[in-house]
Amino acid sequence: MTAFPSISTSTILAVFASHEPGLRSAAAYAALALITEKGQSTIEEVLTALKVSRETAQNVLRALEQGGFVVVERGSNGKAGKKRSIYRITP
């Protein structure tokens, strides 16, 4: 049997109850689910998987970070072989 990662009910409720602008969007829940499923994600993975604009992906990831739901390992924009920023669920 395969175990699938899941977002706890308390996390979903905390996101919904947050006063952080941008967290009540459907994209916020989808991004949180994607990061949970993969263990970590980059902005490119989020915008590709969710089929949203770069601006929307940036806003959602920023809101999740400011709300304390994800942590980011800062990197670059990934150009010229530089390491991209990596988003992970807050431990």
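The values are calculated or read from the model by the stated rules, or taken from the named source; none is laboratory data. Remember, it's a predicted structure, so these values are computed and weren't measured experimentally. Note that each Cβ is placed from the backbone with ideal geometry, even for glycine, and that neighbours are counted across all protein chains shown. Just the protein is used for accessible areas: all its heavy atoms, side chains included, with ligands, DNA and RNA removed. Shrake-Rupley method; radii C 1.70, N 1.55, O 1.52, S 1.80 Å.
In summary, residue 80 fulfils each of the numbered conditions (1) at pLDDT below 90; (2) small (Gly, Ala, Ser); (3) open to solvent by less than 30 Å² (accessible area, probe 1.4 Å) with the single exception of condition (3). Residues in the range 8-35 that are farther than 21 Å from residue 52 by Cα and assigned to a loop (DSSP other than H, G, I, E, B): 8, 18, 19.
Here the range 42-74 is the region considered, the condition is being in contact (Cβ under 8 Å) with a residue 24 or more places away in the chain and open to solvent by 60 Å² or more (accessible area, probe 1.4 Å), and the residue that is nearest to residue 90 (Cα to Cα) is 66. The set of residues in the range 36-69 that are in a helix (DSSP H, G or I) and of a type in the set (S, T, N, Q) comprises 36, 48, 56, 58, 59, 66.
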